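> Take a look at this one; I'll ask things after.
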Amino acid sequence: MSFTELLIPAVTVIVILWGLKSGTDIFAEFIAGAKENLTVCMELLPTLIALITAVGMFTASGASELMTNACSGTLMRLGFPPECLPLALIRPVSGSGALAVYESVLSHCGPDSLAGKAASVMIGSTETTFYTIAVYYGAVGIKKTRHTVPAAIIGDITGFVVSVITVGILL
């Protein structure tokens, strides 16, 4: 067995032994933590359902395809593969939706195409911004995100643009 395979069992044993040594009721603490996490999950559930529904509606309505077709000429002149636009639109909202779009780019364009390589770098260099903000801010009850959303969107746009530039240079 490797070190990484033993890491989680080792940490679990250390926590249990530490709890026994300090006289803590480990099971009661575990139940209290699980109860608290269920409460957090219930608070986050409406936000997550809204995000998933919005992504599904955006994709199913054809809006993604319509935007791609409308912007394809401009994107091609800028050197941005138009096939990657749906990925750039979905990625900040949904990781699973982005993976579905990514798979679509790879199956239609091929993994060795500019679009396939750019999509591969994009999926690894950007974040599911709105999902992350919803989960973390919702967990601690923050309602006003202030500069978080604009800064995160700028980071995502930078990731998308630099992905295409980098792939273009290395191709």
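> Only one of these is surrounded by fewer than 18 Cβ atoms within 10 Å (Cβ to Cβ) and more than 20 Å from L85 (Cβ to Cβ): I157, I153, I142, I165. Name it.
Numbers: I157 fails: more than 20 Å from L85 (Cβ to Cβ); I153 fails: more than 20 Å from L85 (Cβ to Cβ); I165 fails: more than 20 Å from L85 (Cβ to Cβ).
It is I142.
> With (1) surrounded by 11 or more Cβ atoms within 10 Å (Cβ to Cβ); (2) part of a helix (DSSP H, G or I) as the list, and I49 as the residue in question, which single condition is left unmet?
Result: I49 passes all but (1).
> Can you tell me which residue among S64, S163, S113, S107 is at pLDDT below 85 and more than 30 Å from T39 (Cβ to Cβ)? Step through it out loud before you land on a result.
Numbers: S163 fails: at pLDDT below 85; S113 fails: at pLDDT below 85; S107 fails: at pLDDT below 85.
Result of the check over S64, S163, S113, S107: S64.
> Determine if the range 88-105 includes at least one residue that is assigned to a helix (DSSP H, G or I) and either loosely packed, with under 10 Cβ neighbours inside 10 Å or on the phi > 0 side of the Ramachandran plot (or both).
Filtering the range 88-105 for residues assigned to a helix (DSSP H, G or I) gives 88-90, 95-105.
From what's left, either loosely packed, with under 10 Cβ neighbours inside 10 Å or on the phi > 0 side of the Ramachandran plot (or both): none.
No, the range 88-105 contains no residue that is assigned to a helix (DSSP H, G or I) and either loosely packed, with under 10 Cβ neighbours inside 10 Å or on the phi > 0 side of the Ramachandran plot (or both).
> Quick one: is S72 loosely packed, with under 15 Cβ neighbours inside 10 Å, assigned to a helix (DSSP H, G or I) and among the polar types (S, T, N, Q)?
On the way: loosely packed, with under 15 Cβ neighbours inside 10 Å: no; assigned to a helix (DSSP H, G or I): yes; among the polar types (S, T, N, Q): yes.
No; evaluated as a whole, the condition is false for this residue.
Residue-wise test of (1) in contact with a Leu (Cβ under 8 Å, 6 or more places away or on another chain); (2) within 18 Å of A115 (Cα to Cα); (3) modelled with pLDDT under 90.
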| site | (1), (2), (3) |
| --- | --- |
| T39 | no, no, yes |
| E43 | no, no, yes |
| P46 | no, no, yes |
| I49 | no, no, yes |
| G56 | no, no, yes |
| N69 | no, yes, yes |
| L78 | no, yes, yes |
| I90 | no, yes, yes |
| V93 | yes, no, yes |
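> Here is a list: E5, E43. Which entry is out of contact with any strand residue (DSSP E or B) (no Cβ under 6 Å at 6 or more places or on another chain) and free of Cβ contacts under 8 Å to residues at least 40 places away in the same chain? Reasoning before the result, please.
Numbers: E43 fails: free of Cβ contacts under 8 Å to residues at least 40 places away in the same chain.
Checking each option against the conditions leaves just E5.
> Return yes when S22 is at pLDDT 90 or above, surrounded by fewer than 10 Cβ atoms within 10 Å (Cβ to Cβ) and of a type in the set (S, T, Y) and no when it is not. Don't jump to the end; show me each part of the working.
Details: at pLDDT 90 or above: yes; surrounded by fewer than 10 Cβ atoms within 10 Å (Cβ to Cβ): yes; of a type in the set (S, T, Y): yes.
Taking the combined requirement at face value, the residue satisfies it.
> Which residue out of Y136, Y131 is part of a helix (DSSP H, G or I), aromatic (F, W, Y) and loosely packed, with under 13 Cβ neighbours inside 10 Å? It would help to see each step written out before you state the result.
Values: Y131 fails: loosely packed, with under 13 Cβ neighbours inside 10 Å.
Result: Y136 is the single residue among Y136, Y131 that is part of a helix (DSSP H, G or I), aromatic (F, W, Y) and loosely packed, with under 13 Cβ neighbours inside 10 Å.
The values are calculated or read from the model by the stated rules, or taken from the named source; none is laboratory data. This structure is a prediction, so every number in the text was calculated from the model and none was measured. Cβ atoms come from the backbone with ideal geometry, glycine included; neighbour counts cover every protein chain shown.
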